[in-house]
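J.: One structure, as structure tokens, below. Some questions next.
The values are calculated or read from the model by the stated rules, or taken from the named source; none is laboratory data. Worth saying up front: this structure is predicted, and the values here are computed from it rather than measured. Cβ coordinates were reconstructed from backbone atoms using ideal geometry, including for glycine residues, and neighbour counts include every protein chain displayed. Heads up: the accessible areas ignore ligands, DNA and RNA and are worked out on the full protein's heavy atoms, side chains in. Shrake-Rupley method; radii C 1.70, N 1.55, O 1.52, S 1.80 Å.
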Amino acid sequence: MTSEAATGTDAAPAEGRAPAEGRAPGAGDLMERIVGLCKRRGFIFPSAEIYGGFRSTYDYGPLGVNMLRNVKGAWWRSMVQLRDDVVGLDAAILSPPKIWEASGHLANFTDPLVDCRQCHSRWRADKIDGVCPNCGSTDFTDARPFNLMFKTHAGPIEDEGAVAYLRPETAQGMFVNFANVLQTTRKKPPFGIAQVGKSFRNEITPQNFVFRTREFEQMEMEYFVPPEEGMKWYRYWVDERYRWYRELGIAEEKLRIRPHESDELSHYSTATSDVEFLFPWGWDELEGIAYRTDFDLRAHSAASGERLEYFDQATGERYVPHVVEPAAGATRTMMAFLLAAYEEDEVGAEPRTVLRLHWRLSPYQVAVLPLSKKQTLEPLAREVLGLLQPHFMCDYDTTQSIGRRYRRQDEVGTPWCVTVDFDSLDDRAVTVRDRDSTEQVRVPIDRLVAELGDRMPT
Ligand code: ATP
């Protein structure tokens, strides 16, 4: 049903008619458009821009911070809130060398670094297929290991005793707190510890916007299981994680599971699969699910002298649990959601850009739009906003024509616009307009929270 009231003089000509079928632009264009949209609409800004930027670091703007929180929130909801076998943790980012010695990162967390003999640029050897992306030369130095950890000093004295590292992954926080969590929660394998937070890697060649940056956010979970159940839980988590991306709207043809070849596996892992997304440059990793055996707990136990094992009082059995780890990137995943959601279509013979984001991920779930700037609509529009804000993340926009404002909300993925018009003053009803179908329905204000709630089931 199209509301005459909300599609009055201010409305776009044929708003309410079903949009023409949308399409995503070609791969190269798509990347450019996403980067442009992110900057223009306040999702992601180049960091320190007024000083000329700072080497592949990015700041998340007013819309980006909402969306990134939603990505992390959706992960936390699925991995912690909806389960009784996973608990959360938030460990320190600054950490002592002992952790990274025991985990093997000081010795092994390296990428192969080569120098181009022609233009003297430096590259990660495994990412360039033997050809310098800068000058096309194939003349390189031999590859040497380059450790990716950021080293710093804690406290005022910069000597060896003060060395600290910024964590390059969140996972070790879960291993070193294994005994603390076990004691305080009384969990029994199979159980998991989840963490979301920043990690830092001194990447040789950060690239592809926020796909690979030196500072990024991860969402990781260590799932501790009886040793004989390792492979079963590995398969379970590969399926679960694939399902998460699908449920949040990534199409089947853009998502795949890629099991690692045996020569790709880390020395401690017996099986790893990546969840891969079809990025504009091809298939690439969103998340790795690794069966890490008992490597980490044994390593930390040996280095710290603490017993890191599970004792089953009922059976008298004592063992070191095996670990299955789903490790995803929050910032990288946000970029994949943006790429997957981007479409261009036509509404009322006018082109529009639309982000078909799942409502859980959209920066705003609802936009409240008074039809006109006239003062008479403002008190009711603000009343409606006040009703919705405790339940949904809302935008409030009074600028430009209603048609333009719908386009602006479509472009940032807001699934529902609520328009307050002059009839609303008499009938205390508003128009709810759907981003994807552009369909509009009239809803009484006192039913509005429930109506929108039905569209966003928990
Ligand atoms: P790559 O091979 O791409 O360097 P990785 O296999 O070392 O990545 P993991 O250590 O498995 O990555 O990290 C888990 C997840 O963290 C990755 O799947 C990715 O989503 C994210 N991630 C890792 N490094 C970065 C980075 N530099 N920038 C953004 N996200 C990252």
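J.: When a/c reaches 1.5 or more, the comparison of a/b and b/c decides; with that in mind, is the stretch 143-194 rounded, prolate or oblate per its Cα gyration tensor?
T.: Working: a/c = 4.43, a/b = 1.84, b/c = 2.41.
Judged from the Cα gyration tensor, the stretch 143-194 comes out oblate (a/c at least 1.5, b/c at or above a/b).
J.: To continue, here is another question. By its C-alpha gyration tensor, with a ≥ b ≥ c as the square roots of the eigenvalues, how is the stretch 175-317 shaped: rounded for a/c under 1.5, else prolate for a/b larger than b/c, else oblate? Could you put the intermediate results ahead of the total?
T.: Values: a/c = 2.05, a/b = 1.65, b/c = 1.24.
The shape class here is prolate.
J.: Accessible surface of I93 in the full protein assembly, 1.4 angstrom probe, to the nearest 10 Å²?
T.: 60 Å²
J.: Turning to a different aspect of this structure: Counting only C-alpha contacts under 8 Å and six or more residues apart, can you give the relative contact order of the chain as a whole percent? Intermediate results must be reported in sequence, preceding the final value.
T.: Values: 862 pairs, mean separation 83.8, N = 458.
So the answer I get is 18 percent.
J.: Which semi-axis lengths, in whole Å and largest first, follow from the square roots of five times the eigenvalues of the Cα gyration tensor of the chain?
T.: Values: eigenvalues 412, 160, 81 Å².
Square roots of five times the eigenvalues give 45, 28, 20 Å.
J.: If I measure Cβ to Cβ between cysteines in the chain, which ones have no partner under 4.7 Å?
T.: C38, C394, C417
J.: While we're looking at this one, here's another question. Which percent of Cα-Cα pairs in the stretch 265-411 sits in each 10 Å bin, short to long?
T.: For the stretch 265-411, the pair-distance distribution reads 9, 21, 21, 16, 15, 11, 7, 1.
J.: Another one. May I ask for the angle, rounded to the nearest 10°, between helix 295-304 and the longest principal axis of the chain, with both axes built from Cα atoms and the value confined to 0 to 90°?
T.: With both axes taken from Cα atoms, the answer is about 60 degrees.
J.: Need the list of lysines near K373 for cross-linking: C-alpha distance under 29 angstrom, and skip anything on the same chain fewer than eight residues off.
T.: Within reach: K39.
J.: Continuing with this model, one more query. What shape does the stretch 340-415 take by its C-alpha gyration tensor, where a ≥ b ≥ c are the square roots of the eigenvalues and a/c under 1.5 counts as rounded, a/b above b/c as prolate, and the rest as oblate? Show your work: numbers first, answer last.
T.: On the way: a/c = 3.75, a/b = 1.34, b/c = 2.81.
In terms of gyration-tensor shape, oblate.
J.: May I ask which residue of S362, F295, A330 lies farthest towards the positive end of the charge dipole of the stretch 289-374, with charges of +1 (Lys, Arg) and -1 (Asp, Glu) on Cβ and the Cα centre as origin?
T.: Of the candidates, S362 comes out farthest on the positive side.
J.: Among all the lysines, which ones have a C-alpha under 23 Å from K187's C-alpha, if same-chain residues fewer than 8 places away are not counted?
T.: Of all the lysines, those that pass the test against K187 - Cα under 23 Å, at least 8 places apart if same chain - are K232.
J.: What accessible area per residue, rounded to a whole number of Å², is obtained for the chain using a probe radius of 1.4 Å? Write down the numbers at each step before the final one.
T.: Working: 21470 Å² over 458 residues.
About 47 Å² of surface per residue is accessible.
J.: Roughly how many debye, to the nearest 20, is the charge dipole of the stretch 294-427 about its Cα centre, given +1 on each Lys and Arg Cβ, -1 on each Asp and Glu Cβ, and no other charges?
T.: Working: 14 positive and 22 negative charges, 72 e Å.
In total the dipole reaches around 340 debye.
J.: Let me ask something else. What accessible surface, in Å², does a 1.4 Å probe find on K254, ignoring ligands, DNA and RNA and rounding to the nearest 10?
T.: Here the accessible area works out near 60 Å².
J.: In a Debye calculation with equal point scatterers on the alpha-carbon sites of the stretch 27-135 and no solvent, what is log10 I(q)/I(0) at q = 0.16, 0.22, 0.23 Å⁻¹?
T.: The computed values of log10 I(q)/I(0) come out as -1.20, -1.09, -1.09.
J.: Going toward the positive end of the dipole of the stretch 113-215, with +1 on Lys and Arg Cβ and -1 on Asp and Glu Cβ, which of F200, N180, L113 do you reach last?
T.: N180
J.: Carbon and sulfur: what percent of the chain's accessible surface (1.4 Å probe)?
T.: Values: 10430 of 21470 Å².
Heavy-atom surface of the chain belonging to carbon and sulfur, 1.4 Å probe: 49 percent.
J.: Mean separation of Cα pairs under 8 Å and 6+ residues apart, divided by the residue count of the stretch 104-192: what relative contact order is that in percent? Please report the intermediate quantities before stating the final value.
T.: Working: 96 pairs, mean separation 19.4, N = 89.
Here the relative contact order equals 22 percent.
J.: Treating the beta-carbon of each Lys and Arg as +1 and of each Asp and Glu as -1, no other charges, what is the dipole magnitude of the stretch 328-383 about its Cα centre, to the nearest 20 debye? Intermediate values should be presented prior to the final figure.
T.: Numbers: 7 positive and 7 negative charges, 60 e Å.
About 280 debye.
J.: Right, something else. Based on DSSP H runs of at least 4 residues, each adding -39500 (n - 2.57), what is the mean residue ellipticity at 222 nm of the chain after dividing by all its residues, to the nearest 500 deg cm²/dmol? Write down the numbers at each step before the final one.
T.: On the way: 13 runs with 129 residues, N = 458.
My calculation for the chain gives -8000 deg cm²/dmol from helical runs alone.
J.: Let me spell out the model: positive unit charges on the Cβ of Lys and Arg, negative unit charges on the Cβ of Asp and Glu, origin at the Cα centre of the chain. What dipole size does that give, in debye rounded to 20? If you can, show how the numbers build up before the last one.
T.: Numbers: 55 positive and 70 negative charges, 129 e Å.
So the dipole magnitude of the chain works out to roughly 620 debye.
J.: Angle, helix 27-40 long axis vs. longest principal axis of the chain, Cα atoms, 0 to 90°, nearest 10?
T.: Between the helix axis and the principal axis of the chain, the angle is about 70 degrees.
J.: Need the list of lysines near K127 for cross-linking: C-alpha distance under 25 angstrom, and skip anything on the same chain fewer than eight residues off.
T.: K151, K198, K254
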